1. Rounded to the nearest 20 debye, what is the charge dipole size of the chain about its Cα centre when +1 sits on each Lys and Arg Cβ and -1 on each Asp and Glu Cβ?
2. Using r as the Cβ-Cβ distance of residue 50 and residue 154, and R0 as 45 Å, what FRET efficiency do you calculate, to the nearest 0.05?
3. Identify, among 121, 65, 109, the residue whose Cα sits farthest towards the positive end of the charge dipole of the chain, taking +1 on the Cβ of Lys and Arg and -1 on the Cβ of Asp and Glu, with the dipole about the Cα centre.
4. Tell me, what is the percent relative contact order of the chain, built from C-alpha pairs under 8 Å that lie six or more residues apart?
5. Please report, in whole Å³, the volume per residue of the convex hull around the C-alpha atoms of the chain.
6. Once Lys and Arg get +1 and Asp and Glu get -1 on their Cβ, which of 130, 32, 171 lies farthest toward the positive end of the dipole of the chain?
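Just so it is clear, none of the values below were taken in a lab; they were calculated from the coordinates. Note that the coordinates shown come from a computational prediction; the quantities given were computed from them, not determined experimentally. Here the Cβ is made from the backbone with ideal geometry for all residues, glycine too, and neighbour counts use every protein chain on show.
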Amino acid sequence: MIENPNLYVITGGPGAGKTTVLAELERRGFACVPEVARQIIQEQMQADGDALPWSDCGRYARLMLERSIASFRNSTPASKITFCDRGIPDTLCYLRLIGADDAEAMSASATYLYAHKVFFAPAWKAIYATDTERKQSYEEAARTSQLMVRVYEECGYEVVELPLCSPEERAEFILRTIA
C-alpha cells in the first residue's frame, strides 16, 4: 500500500466542472495533476486510434488504468497539497459502467491511496455540455456521477460534495474543508 495524503482527488461525472475548479486552484498556486482520460482521448483522436470510450472501450480502460497509476506514482510523495483531476477509482467506475472485469482496478485502488477526503462535483445540468471528447448525454453523466460516489465510498474515501456555485467559491470550499 502506498499512501499519498497530500494528493487530493477532485472527481465526478463528465461535465460537472472539475477541470474548471482545478484551473482556479492552480491559479491560486496549487499544484494540479491533469486528467489522464481526456489526454488519452485527445491522443487517440489525433493518431486516428481506437482506444476510445466509443470504440475499443476495453483498450481505453487499460490505458486509463496504466496512466492513472503512473500519474499517482509521478505525484508521490507530494510534499505539499496537490490536486488531481480524477483518481484510480475513476477507472474502476468506468469498468463497472461498461460491465468489464474490474479486478485489476480494484487492486490498484486498494494499493495507491490518495488523501482520505475526495471532492465530488455532482452532475449539474446548467453547466453540462458535450464536445468532441465528451459525448455522453446529461442522463448518462448523472448516472456516472452516482456510481462514482459509490465506488469512492467502497474504496474507503470520505466523499465531500462540492456546492453548485462558481469555480472561485468551489475552490474556497475545498480549501476550507482541507484546513
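1. Details: 19 positive and 25 negative charges, 66 e Å.
Dipole of the chain, to the nearest 20 debye: 320 debye.
2. Details: r = 31 Å, r/R0 = 0.68.
Computed FRET efficiency for residue 50 and residue 154 comes out at 0.90.
3. 121
4. Values: 282 pairs, mean separation 65.3, N = 179.
Relative contact order comes out at 36 percent.
5. Numbers: hull volume 19.3 nm³, N = 179.
Once divided by residue count, the hull of the chain is 108 Å³.
6. 171
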